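Structure, as structure tokens:
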Amino acid sequence: MNRTPEEIEKIKLQSKLVKRFNKACANYHLIEDGDAILIGVSGGKDSLALIELMGRRAKIHVPKFTVKAVHVRVKERNYQTDLQLLEDFCQQWDVPLIVADTQIGEEKGDKDPCFLCSWYRRKKMFELAKTLGCNKIALGHHLDDMVQTTLMNLIFQGSFGGIAPCLQMDKMPLQMIRPLCLIEENYIARYAELSGYPQQLKLCPFEKESSRAEVKNILTTLEKLNPHVKNSVWEAMEKYWNIKNETI
């Protein structure tokens, strides 16, 4: 059977994504026997890729773990996800989907809207993880997200560190894991396009005006100086975390 160039490209990209996903899980001990993992799903390409990769991995007998997904809607944020498409996608990979609602209320003040949205969504996920007996929450942060966060901390906070692939919460027996941390965003974007991933109906109203969007532009400029700048920053982050460094 002759495959089209797009089908061949998709197969190669899928292999790359699976390889880097598995490498992240092995290098940073993200998934272990007996884990009950709750995936945070926004409906965007990154969280959908995480659903697919986690769903694929859950079908393998070692390690043996269970997985569920949650989509948290924030009352004050005027963007939508087609829940039927999201449910169908999760069902395709045998990942049960839970839809939950939360709201920010009056605690707005001068706080960054992205921080508020992220905090209240995450707080809801913590509550659900406890109720469902999950010991880990998986988030769809890819390599670009991790590097951008590190640059944001340097620029705005005067600190270095960023977000780690695996983070043990201080006040609860729960870990935050990021299995896409070795995968660049452009690979996920192209794979989502070739795979026909469902798309959000409406973008977040703050997406284009956040500090992260500005830092993303800075990172694009830095790549003109060094095309491997993301890998360089990641290696520095690994040394900071004292994690064994291997080439991505």
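The values are calculated or read from the model by the stated rules, or taken from the named source; none is laboratory data. These numbers were taken from a predicted model, which means no experiment stands behind them. Positions of Cβ are backbone-derived with ideal geometry, glycine not excepted, and every protein chain shown enters the neighbour counts.
Considering only residues that are part of a strand (DSSP E or B), closer than 13 Å to L180 by Cβ and of a type in the set (V, I, T), which ones fall in segment 33-58? Can you show your working first?
Our first condition is that a residue be part of a strand (DSSP E or B); within segment 33-58, this holds for 36-40.
Subset that is closer than 13 Å to L180 by Cβ: 39-40.
The answer is I39, and nothing else.
Looking across segment 5-27, the residues that are surrounded by 16 or more Cβ atoms within 10 Å (Cβ to Cβ) and under 20 Å from T66 (Cβ atoms) come down to F21, N22, A24, C25. Screening R77 against (1) at pLDDT 95 or above; (2) more than 22 Å from M146 (Cα to Cα); (3) buried (at least 16 other Cβ atoms within 10 Å of the Cβ) leaves a single unmet condition, (1). Restricting segment 95-137 to residues that are in contact with a helix residue (DSSP H, G or I) (Cβ under 6 Å, 6 or more places away or on another chain) and at pLDDT 95 or above leaves a set whose member that is surrounded by the fewest Cβ atoms within 10 Å (Cβ to Cβ) is L97.
Here segment 156-176 is the region considered, the condition is being surrounded by fewer than 16 Cβ atoms within 10 Å (Cβ to Cβ) and within 27 Å of I188 (Cα to Cα), and the residue that is modelled with the lowest pLDDT is G161. Within segment 208-224, residues that are closer than 13 Å to D145 by Cα have Cβ atoms under 9 Å from residues that are among the hydroxyl-bearing types (S, T, Y) and at pLDDT below 90 in no pair, counting only partners at least 6 apart in sequence or on another chain. Just to be sure I understand, how many residues within segment 147-190 are touching a Leu at 6+ places or on another chain (Cβ under 9 Å) and assigned to a helix (DSSP H, G or I)? Residues in segment 147-190 being touching a Leu at 6+ places or on another chain (Cβ under 9 Å) and assigned to a helix (DSSP H, G or I): 7 in total. Return a yes/no flag: does segment 56-71 have any residue that is more than 22 Å from D88 (Cα to Cα) and without any contact (Cβ under 8 Å) to a residue 12 or more places away in the chain. Looking through segment 56-71, at least one residue is more than 22 Å from D88 (Cα to Cα) and without any contact (Cβ under 8 Å) to a residue 12 or more places away in the chain.
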